[in-house]
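Please read the structure below before turning to the comments.
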Amino acid sequence: MSVGKTEPNSNFSTRACPVCGSRRPQLIYDQGRGKKFDTKVCMGCGFVYVPDISRQDGDYRTHEKDDFEPETIDRVLKAETRAREMAERRFANIKANAPDLIAAKGRLHDIGASLGFFMKCWSEVGFDVTGCEPDGYYARISQKHFGFEMAPCLYEERPVEEAAYDVITMCHVLEHVPDPRRILQRIRTELKPDGKLYIEIPQIDRPYSGNLDRFFWAEHLNYFSLRTLDGLLRSEGYRISKSGGLGYFLWVVAEKAPREQISGALPLDCPDEIRQRTMVSILHHQAREIKDLKARILALEKHLTKPAPVAGR
């Protein structure tokens, strides 16, 4: 594992920084979840991202099946207990910390809606909900089970509806997309003038208890902090009205606003601090693993030194 290695900027086939457009990345980590790939920090604005997306192996159409028997649908829905519980927890957090988002009512579109659990929460409080989900099988299950209008495609593939939505939600999507700026531009077109955008993403400031081998993942191309996300949103004509944490995740509510340019406010995050925090996370996680290993060795030694039982007793 390499940390802090300066990377030459000779390969322009890779992405420029999606936030500031700079091509001065520096390597901070080179693996994740058993795969090798380079995650870098932009030396212009401090945004953490994967420049080379040619090897991206995320497959969001992996459940293309035709089995829609009631018992099969019920089995699929029950198997996704964690997704349902997370959707309910997310909605409870919104009710507690951003109730004005729910008070908006009207039309809502959920991007990357999976089986529709989050849509169900909004529908139950009076929203007219639609969604899109690139996993065609999940999209059709949502249609058949909940009766929701669900486009079985990526958000960018569906027809644009100008000024159509009061709320657009995007949970754990922005970290996957090669061009987050483009998707935000499209959302701005589809939101009504007073529409609101809800985003939830993993945050670089809280990398899963410092376990970077789990936090960095080949399917995740972008790693935002509140500062870098705010900078990107401002540059595309949004203003963050509320934000907070949900476990390890960052959530924000953003509204349309007069366009403010990101230039003049860089860096959004200090690249050197990002690299230092990465190293600290690695060391803390290694210390926890060593402590756990020592405890296991001690337990094994105690077991091995126990006196053997005497025969006949």
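The values are calculated or read from the model by the stated rules, or taken from the named source; none is laboratory data. Since this is a predicted model, take the numbers as computed values, not measurements. Note that each Cβ is placed from the backbone with ideal geometry, even for glycine, and that neighbours are counted across all protein chains shown.
Summary of values
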quantity	calculated
Residues being closer than 12 Å to residue 113 by Cβ and aromatic (Phe, Trp, Tyr) - total across segment 123-152	3
Whichever residue in segment 162-176 is more than 10 Å from residue 110 (Cα to Cα) and of a type in the set (A, V, I, L, M, F, W, C) and, among such residues, is surrounded by the most Cβ atoms within 10 Å (Cβ to Cβ)	174
Close pairs (7 angstrom Cβ cut-off, 6 or more residues apart or separate chains): among the small types (Gly, Ala, Ser) in segment 76-93, part of a helix (DSSP H, G or I) anywhere	83/117; 87/117; 87/118; 87/121
Residue in segment 248-259 that is modelled with pLDDT under 85 and among the aliphatic types (A, V, I, L, M) present	no
Of all residues in segment 86-117 being in contact with a strand residue (DSSP E or B) (Cβ under 6 Å, 6 or more places away or on another chain) and not aliphatic (A, V, I, L, M), the one that is surrounded by the most Cβ atoms within 10 Å (Cβ to Cβ)	110
Hits in segment 124-174 (condition: β-branched (Val, Ile, Thr) and either over 17 Å from residue 192 (Cβ atoms) or assigned to a loop (DSSP other than H, G, I, E, B) (or both))	125, 141, 160, 173
Residue 171 vs. criteria under 17 Å from the mean Cα position of the chain (by Cα) and closer than 27 Å to residue 258 by Cα	yes
Test for residue 190: is it acidic (Asp, Glu) and either more than 15 Å from the chain's Cα centre (by Cα) or farther than 22 Å from residue 274 by Cα (or both)	yes
Test set (1) over 23 Å from the mean Cα position of the chain (by Cα); (2) over 25 Å from residue 276 (Cα atoms); (3) at pLDDT 60 or above - residue 79 fails condition number	(1)
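Here is a yes/no grid of residues against (1) within 13 Å of the chain's Cα centre (by Cα); (2) surrounded by 15 or more Cβ atoms within 10 Å (Cβ to Cβ):
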site: 201; (1), (2): yes, yes
site: 214; (1), (2): no, no
site: 220; (1), (2): yes, yes
site: 267; (1), (2): no, yes
site: 277; (1), (2): no, yes
